[in-house]
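Here's the structure, in structure tokens; my notes come after.
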Amino acid sequence: MCKGSLKVISEGTIKFSSPDEFNDPFDCAPDYDVKKNIEYISRRPDLLKTAGKKLGLSPAKRLQHKKVMLRNIERATSEDNYGANISKQSGICCLSKAPLNLLMWAHYAKDHTGFVVEFRIPQNVKCTKGEAYEYLLKYLYPLEVVYSEDKPVIDPSDNDVINTKKQYLTKSKDWEYEQEERVVDNMRGSGIHPYEHKIILKSVIAGLKMKDTDYTSLKSTIHKINSEMEINVKLYKAEKLKGKFALFVPGRDDLSDCSN
């Protein structure tokens with residue numbers, strides 16, 4: 001059993017991946033409307049000013065190089081990998097609403113030998129506007145992924161909510177079985193980051209093919225954090241549902257394969 005996975009429970013850390021590590025080359029790689037992008041930037045001298053400063057250009061040089069800079073931007077946004085390059089600066093924690101989906105267990109839990117961690121996301125927690133983004137990351141507040149037959153196109157005149165959905169939260173319908181939700185971190189980027197496991201860690205479901213030694217280790221880890229943190233994380237084990245190509249979890253009638 002992967003020690004890094006156990007740390008999700010024991011240390012309260014979880015992986016935020018860079019989209020360029022994903023197995024789907026279309027994921028987080030939207031197209032950009034080149035014409036609208038250039039028109040938008042042309043109307044925003046502050047953006048050209050910022051770009052000029054990064055290049056070390058004086059105000060006079062910025063004016064001289066405006067057309068060149070716009071051509072460079074046009075060329076860059078025309079490239080197929082432009083959207084992907086924008087996304088790879090962020091970190092994404094991928095979650096799912098389908099705890100019993102057979103494909104998810106096979107693909108992401110080492111052929112049913114791993115485990116699933118269930119989170120309890122707090123609702124209506126009061127925080128200031130300045131604390132809001134940090135709160136979302138701390139409590140793994142997810143955004144729902146949408147599935148589409150068409151590749152999204154970024155229009156700079158759209159608001160941040162719409163373009164975030166296009167940039168990070170739109171995938172091909174082929175992935176719809178995952179019922180994915182994501183935590184998008186544009187502040188820290190990719191890496192192993194802490195979360196409030198004392199508050200949101202709810203339960204753990206062991207795979208039906210988990211080895212006895214791994215199950216003992218998992219059980220010991222959960223018992224230890226329950227004792228040290230005075231919490232009550234439950235441990236369950238998935239089993240085959242007789243007569244069906246399906247799983248069930250004894251003691252958890254509330255769980256189902258949400259992808260169906």
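The values are calculated or read from the model by the stated rules, or taken from the named source; none is laboratory data. Not measured: the values here are computed from a predicted model. Please note: Cβ atoms are built from the backbone with ideal geometry, for glycine as well, and neighbour counts cover all protein chains shown. Areas reflect the complete protein model, heavy atoms only, side chains present, ligands, DNA and RNA absent. Shrake-Rupley method; radii C 1.70, N 1.55, O 1.52, S 1.80 Å.
General observations
- Count - residues of segment 2-38 that are open to solvent by 20 Å² or more (accessible area, probe 1.4 Å) and farther than 30 Å from Lys202 by Cβ: 10
- Residue under evaluation His193, criteria (1) touching a helix residue (DSSP H, G or I) at 6+ places or on another chain (Cβ under 8 Å); (2) assigned to a helix (DSSP H, G or I); (3) surrounded by 14 or more Cβ atoms within 10 Å (Cβ to Cβ); (4) not hydrophobic (A, V, I, L, M, F, W, C), criterion not met: (2)
- Considering residues of segment 70-84 that are under 33 Å from the mean Cα position of the chain (by Cα) and over 22 Å from Pro19 (Cβ atoms) only, the residue most open to solvent (accessible area, probe 1.4 Å): Arg75
- Residues in segment 224-249 that are open to solvent by less than 90 Å² (accessible area, probe 1.4 Å), under 19 Å from Ala98 (Cβ atoms) and either among the aromatic types (Phe, Trp, Tyr) or free of Cβ contacts under 8 Å to residues at least 40 places away in the same chain (or both): Tyr236, Lys237, Glu239, Leu241, Phe248.
- Lys171 vs. criteria outside any loop (DSSP other than H, G, I, E, B) and in contact with a helix residue (DSSP H, G or I) (Cβ under 9 Å, 6 or more places away or on another chain): yes
- Failed condition for Thr221, given (1) within 20 Å of Leu100 (Cβ to Cβ); (2) in contact with a helix residue (DSSP H, G or I) (Cβ under 6 Å, 6 or more places away or on another chain); (3) not in a strand (DSSP E or B): (1)
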